[in-house]
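Read through the structure below, which is laid out as structure tokens, and then see the notes.
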Amino acid sequence: MARILLMALTLALAVSGWTTVPDQLPELGDASSAVVSLETEQRIGQQLLRQVRAQVPTVRDPLLKYYTEVNLYRLAEHSELKRIQLFPVLIDAPEINAFAAPGGVVGINLGLYVAAEDVHEYSAVIAHELAHLSQRHFARQIEEQQRNTLPYLAAMLASIAIAATTGGDAGMAAISGTQAAIQANQLRFSRTREQEADRIGINTLVAAQLDPTAMGRMFERMQRAYRFSRIPPEFLLTHPVTESRISDARNQTREYANRNYPDAEDFQLMRARARVYLAPTPTHAVQLFKGEIERTEGADWAYYGLAVALQRDGHAEQAIDTLKPLYEKQPNSLLYIATRAEMLNAADRFHEAIDLVSLQLVINPDNKPLSMLYSAALTGAGRARDAQAVLNRLSVKYPEDLDVWYELAETAGLAGDVLGVHLARAEYFARVGNFQKAIQHLEYARGLTNPDDFRTNAMLDARINDFRKELAELRAS
């Protein structure tokens with residue numbers, strides 16, 4: 001009997017997800033902080049972020065990343081987040097999905113750009129994910145599991161006692177019934193969280209002057225598109241969409257149904273760019289957008305998509321010519337400027353790209369996509385040291401951008417700066433969670449410095465110690 005009870009205890013704890021946490025004083029109005037502190041969420045988020053970067057293919061396109069970040073922060077400003085510190089990750093996957101994780105990690109599949117027909121539908125999904133963060137649903141889930149541990153444990157022990165005394169099917173039915181009750185309660189809690197995220201996400205859309213009816217519209221579109229599919233999109237697996245949930249979203253936004261919410265041209269440009277990115281080949285993308293030009297009778301976004309596809313297909317000069325009318329119509333558009341610079345670089349017209357982007361950087365200093373394109377143009381023009389200086393500034397302003405560190409390491413190598421290569425690679429590997437390699441590169445760097453350069457050596461020693469602590473924590477966890 002004692003053995004059976006011990007098995008029951010182990011099973012009950014496993015099912016309930018119970019873990020011990022240090023006692024902490026909760027914030028007023030935030031009971032979940034007594035269970036999982038904001039600092040703990042931040043640490044969990046950083047660990048997840050490193051795993052995602054190391055194991056999931058991400059999009060390196062500077063313009064798609066830029067638009068994703070701008071849209072995310074715009075929505076965050078109108079959300080209920082108390083602390084806006086976000087870590088967006090644009091994932092190179094055609095499936096429809098987005099997720100929010102503790103510590104402000106927001107993952108967005110490139111497929112979401114293609115699935116959403118306008119900026120309102122796209123933003124509805126992002127606003128929903130931000131609501132999960134603002135309401136601290138991860139911490140609340142842990143709290144719910146802890147609160148129910150003892151009642152469920154008692155029920156499980158009773159079920160085991162029945163099995164021990166009566167035996168046979170009656171005992172197993174009691175155990176199965178208890179497990180089913182646990183799972184049903186967790187499912188109800190999950191549905192409650194999803195409805196809450198819908199409601200708060202809709203409020204975010206209203207505050208951001210976006211169409212709140214897009215929430216129900218987007219969910220309905222996904223449900224309709226995959227109604228007869230054996231494998232629904234990941235978003236529907238993790239965020240079950242029911243008729244009642246769609247109805248709730250529509251009821252909440254009924255007063256906004258007849259209002260006019262114009263689409264955003266920038267979103268349509270980035271959606272076209274995403275479609276090029278996800279096309280089987282650049283040649284396929286060229287044919288796709290030739291058809292879109294005919295179908296839409298020459299929509300700007302269709303010509304933009306064709307220009308990007310032509311460049312990816314190795315026809316940079318044709319791409320420049322195709323983009324030219326759009327660029328001349330809106331010469332102050334950052335997206336058109338950056339796209340033109342990208343195409344000039346592809347055509348080896350580096351000096352023209354330098355002139356174009358350097359002027360814009362006076363207006364938008366250290367703008368990330370412009371600076372990345374400027375660095376590429378400088379490198380192409382044989383000015384790798386100048387390009388390295390540009391990326392060094394970016395690494396200070398955007399230390400969490402993995403691609404900045406990657407490009408900095410490559411550019412430092414072209415500039416003949418071996419020390420700079422090791423420093424950048426160390427920071428790169430640290431951000432994908434490979435602290436062992438990060439330490440190795442810093443130790444290589446330590447061997448290259450002058451013993452009398454106390455400042456650099458002290459900086460390297462401090463960073464090595466930082467990474468050793470991180471490595472020790474990872475091994476202990």
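Computed values, structure above
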item: Unmet criterion (only one of (1) part of a loop (DSSP other than H, G, I, E, B); (2) among the polar types (S, T, N, Q); (3) more than 19 Å from Asp417 (Cα to Cα)) for Asn450; result: (3)
item: Conditions (1) within 28 Å of the chain's Cα centre (by Cα); (2) assigned to a loop (DSSP other than H, G, I, E, B): number failed by Tyr336; result: (2)
item: Filtered residues of the stretch 243-292 (kept if of a type outside the set (Lys, Arg) and not in a helix (DSSP H, G or I)); result: Thr253, Ala257, Asn258, Asn260, Tyr261, Pro262, Asp263, Ala264, Ala279, Pro280, Thr281
item: Any hit, the stretch 57-64, residues being closer than 25 Å to Arg221 by Cα and either assigned to a helix (DSSP H, G or I) or open to solvent by 30 Å² or more (accessible area, probe 1.4 Å) (or both); result: yes
item: Within the stretch 363-397, considering residues that are β-branched (Val, Ile, Thr) and either at pLDDT 95 or above or closer than 27 Å to Ile91 by Cβ (or both), the one most open to solvent (accessible area, probe 1.4 Å); result: Val396
item: Test for Glu400: is it acidic (Asp, Glu), surrounded by fewer than 19 Cβ atoms within 10 Å (Cβ to Cβ) and more than 24 Å from Leu86 (Cα to Cα); result: no
item: Single residue of Gly298, Gly305 found to be at positive phi and out of contact with any strand residue (DSSP E or B) (no Cβ under 9 Å at 6 or more places or on another chain); result: Gly298
item: Filtered residues of the stretch 225-254 (kept if at pLDDT below 70, among the acidic types (Asp, Glu) and surrounded by 17 or more Cβ atoms within 10 Å (Cβ to Cβ)); result: none
item: Residue in the stretch 86-134 that is surrounded by the fewest Cβ atoms within 10 Å (Cβ to Cβ), counting only those that are among the β-branched types (Val, Ile, Thr), within 17 Å of Tyr67 (Cβ to Cβ) and within 14 Å of the chain's Cα centre (by Cα); result: Ile91
item: Residue match in the stretch 413-420 (condition: modelled with pLDDT of 95 or more, among the hydrophobic types (A, V, I, L, M, F, W, C) and more than 28 Å from Leu359 (Cα to Cα)); result: yes
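The values are calculated or read from the model by the stated rules, or taken from the named source; none is laboratory data. The model shown is predicted, which means the values in this text are computed figures rather than measured ones. For neighbour counting, all protein chains shown are included, and Cβ atoms are generated from backbone atoms with ideal geometry for every residue, glycine included. Protein only, heavy atoms only, side chains kept; ligands, DNA and RNA dropped before computing areas. Shrake-Rupley method; radii C 1.70, N 1.55, O 1.52, S 1.80 Å.
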